[in-house]
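Just so you know, all these numbers are worked out from the coordinates, no wet-lab data involved. All of these numbers come straight from a predicted model, not from anything done at the bench. Every residue, glycine as well, gets a Cβ built from its backbone with ideal geometry; the counts of neighbours run over all protein chains shown.
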Amino acid sequence: MTISMQTDVLIVGGAAIGSAAAFFLASQPDFKGKIHVIEQDFSYEKSATALSAASIRHQFSTPENIKLSQFSSAFLKGIEHYLAVGDEVPAVNFKERGYLFLATPDGLHTLQSNHAVQKLEKVDVSLLTPSQLSARYAWMNVNDLSAGSIGNSGEGWLDAYGLMQGFRKKAISLGVHYVQARAKKLHRSGRKIISAELTDGTQISFDKLINAAGTGASALAQTAGIELPVEARKRTIFYFTSSAKLENCPMVIDPSGAYFRPEGDGYICGIAPRLEDDVQCHDFIIQHHLFEEVLWPLLAARVPGFEALRLKRSWAGHYDMNTLDQNVILGAHPEIDNLLFANGFSGHGLQHSPAIGRALSELITYGEFRSLDLGAFGWSRVINNRPYFEANII
Ligand SMILES: Cc1cc2nc3c(=O)[nH]c(=O)nc-3n(C[C@H](O)[C@H](O)[C@H](O)COP(=O)(O)OP(=O)(O)OC[C@H]3O[C@@H](n4cnc5c(N)ncnc54)[C@H](O)[C@@H]3O)c2cc1C
């Protein structure tokens, strides 16, 4: 027999984005309905959220991404006001240590034009000359550099799992129901999604639906006849220790695209695969060659002390890559009224989860953005093939 459930808002995917949406919606004084979150795996071990580098920056090229991060870092700094449940404050452990984008002469113009956008948005960021870089970071080789851009506040890293659990626990304390199940199919009638079918045959009907399924979002959208241009792209993170002591080390973004930052007693690092190798992929096999052949030489060239290091562990996860323009697709598709998308974050969704959760709660409650106009991230640019590119993708 098919069991039926009914709710007001169903959220598919209960990691950072789904749980942030659940929390903000349950906190909206003007929203009175029931909220259910369907999450296929309560361990979250394969979610991008749990596998991410968990870092936040304000140094984007698009004003919307900057503003999303500005709200998110204010949220992280005041986490106890938002997410405490009784005396329990989530262990988010926000370390405000900055991002440092480095540029060779080739990349100087881009760094400067991003800097101009960031200054207009009141980002606390400074451009440093090579000699200023040397004075601050004596451990760094600056020979090939023409400038660096350092975030002085609001940027850094955190415990991604802690943030996600914080959203989830607070949402549950506010009456949100979490169900461990997989949504298999959406049933559509004209301009409405009328129900979601779970793998055990249960049918859930609702007033509104949020697709927060990360790399599972496209398959789900397809069952409702919507082509979402979001693919799973593998990214591997490597954790190593080194006897080199890098005083005052921020998240460093090398001109090569490689990044590294402190983590515990060591460092994490990563780099995107070559464009031609960066294809849709769902496995979790670690790209060892990337460390040996690509990353280590780059790291040792930038930080001579990294010539001696010990690789301790590594893991792979998946970006939900928006293949059009590497920015989130947010809000309703023009053909369907009650399905909101929040997919395609392309490597910056964890840091934006607070602001996106708030935005989704406004779309559900008021049918419009109230705090921050995120219309530029809507479906129309996708449908009209007018990409809104984020230049600063890591
Ligand atoms: C290696 C790596 C490094 C990253 N580094 C950063 C970083 O430094 N900073 C940053 O901001 N972002 C980073 N990101 C990106 C960030 O992790 C993601 O953008 C963000 O976590 C997306 O959150 P989400 O909730 O949308 O997706 P996910 O965390 O993937 O969650 C989706 C959830 O949906 C569930 N699900 C999927 N399909 C279904 C279904 N049909 N039914 C039920 N449940 C379903 C999944 O089980 C999963 O728990 C990184 C990502 C990776 C992989």
Calculate how large, on average over all directions, the projected area of the Cα convex hull of the stretch 1-83 is; give the answer in nm² to one decimal. 8.0 nm²
Asp41 and Gln180 label points (each 7 Å along its Cα→Cβ direction) are spaced in nm at 1.3 nm
With angles folded into 0 to 90 degrees, how steeply does helix 63-77 sit against the dominant principal axis of the chain? Use alpha carbons for both and round to 10. 90 degrees
In the Gaussian network model of the chain, springs joining C-alpha atoms below 10 Å, which of His115, His282, His352 carries the largest mean-square fluctuation? His282
Residue with peak Gaussian network fluctuation, the chain [Cα springs, cutoff 10 Å], from Ala217, Ala84, Ala48: Ala84
Note the angle between two axes, namely the Cα long axis of helix 160-173 and the longest principal axis of the Cα atoms of the chain, as a number of degrees from 0 to 90, rounded to the nearest 10. 30 degrees
Under a 10 Å cutoff between Cα atoms, tell me which one of His348, His58, His177 has the largest fluctuation in the Gaussian network model of the chain. His177
From the residues Gln222, His177, Phe101, which one has its Cα farthest along the dipole of the chain in the positive direction, the dipole being from +1 and -1 charges on Cβ of Lys/Arg and Asp/Glu about the Cα centre? His177
Computed label-point distance, nm, for sites Thr241 and Leu120 using a 7 Å Cα→Cβ extension: 4.8 nm
With N set to the number of residues, divide the alpha-carbon radius of gyration of the stretch 268-394 by 2.2 N^0.38 Å and report two decimals. 1.35
Could you check the simple spin-label distance between Leu372 and Asp144, using points 7 Å along Cα→Cβ, in nm with one decimal? 3.4 nm
In terms of the charge dipole of the chain, which places +1 on Lys and Arg and -1 on Asp and Glu at the beta carbon, the residue among Ile210, Ala160, Ala138 farthest towards the positive end is Ile210
Cβ-placed point charges (K, R +1; D, E -1), dipole of the chain about Cα centre in debye, nearest 20: 420 debye
What does the charge count near Leu374 come to, summing +1 for each Lys or Arg and -1 for each Asp or Glu among other residues with Cβ under 15 Å from its Cβ? -3
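Is there a quick way to get the dipole size of the stretch 242-349? I mean about its Cα centre, with the Cβ of Lys and Arg at +1 and of Asp and Glu at -1; what is the value in debye to the nearest 20? Show your work: numbers first, answer last.
Working: 7 positive and 15 negative charges, 115 e Å.
Its charge dipole is roughly 560 debye.
Quote the FRET efficiency, to the nearest 0.05, computed for Ser256 versus Asp87 with a Förster distance R0 of 56 Å and r equal to the Cβ-Cβ distance. List each step's numbers first, then the result.
Numbers: r = 46 Å, r/R0 = 0.82.
With R0 = 56 Å, the Cβ-Cβ based efficiency is 0.75.
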Please compute the net charge surrounding Ala15, taking Lys and Arg as +1 and Asp and Glu as -1 over other residues with Cβ under 12 Å from its Cβ. -2
What Kirkwood Rh does the stretch 37-160 have if only Cα atoms enter the pairwise 1/r average? Answer in Å. 16.5 Å
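Under a Cβ-Cβ cut-off of 10 Å, what is the net charge of the residues other than Thr62 that fall near it, where Lys and Arg count +1 and Asp and Glu count -1?
Working: positive: Lys67; negative: Glu64, Glu121, Asp325, Glu390.
Charge balance in the 10 Å sphere: -3.
When only DSSP loop residues count, what trypsin sites (Lys or Arg not before Pro) in the stretch 192-263 have their Cβ near at most 10 other Cβ atoms within 10 Å?
Details: sites: Lys192, Lys208, Arg233, Lys234, Arg235, Lys245; in loops: Lys245.
Passing both the DSSP loop test and the Cβ count: Lys245.
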Among trypsin sites (Lys or Arg not before Pro) in the stretch 142-172, those in a DSSP loop whose Cβ has at most 10 other Cβ atoms within 10 Å are none
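For the stretch 344-394, which GluC sites (Glu not before Pro) are in a loop by DSSP, counting at most 16 other Cβ atoms within 10 Å?
On the way: sites: Glu362, Glu368, Glu390; in loops: Glu368, Glu390.
Sites meeting the loop and neighbour criteria: Glu368.
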Could you sort out which of Lys34/Lys208; Lys67/Lys170; Lys34/Lys170; Lys245/Lys312 sit more than 19 Å apart by Cα distance in this structure? Lys67/Lys170
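Go through Lys32/Lys77; Lys77/Lys119; Lys77/Lys234; Lys32/Lys192 and tell me which ones have a Cα-Cα distance over 24 Å in this structure.
Numbers: Lys32/Lys77 28 Å; Lys77/Lys119 22 Å; Lys77/Lys234 31 Å; Lys32/Lys192 21 Å.
Table pairs above 24 Å Cα-Cα are Lys32/Lys77; Lys77/Lys234.
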Hey, what angle do you get for helix 16-27 against the long axis of the chain, alpha-carbon based, 0 to 90 degrees rounded to 10? 60 degrees
Scale the Cα Rg of the chain by the rule-of-thumb value 2.2 N^0.38 Å and send over the ratio, two decimals. 0.99
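Percentage of Cα-Cα pair distances in the stretch 110-207 greater than 16 Å, rounded to whole percent?
On the way: 3581 of 4753 pairs.
The calculated P(r) of the stretch 110-207 puts 75 percent of pairs beyond 16 Å.
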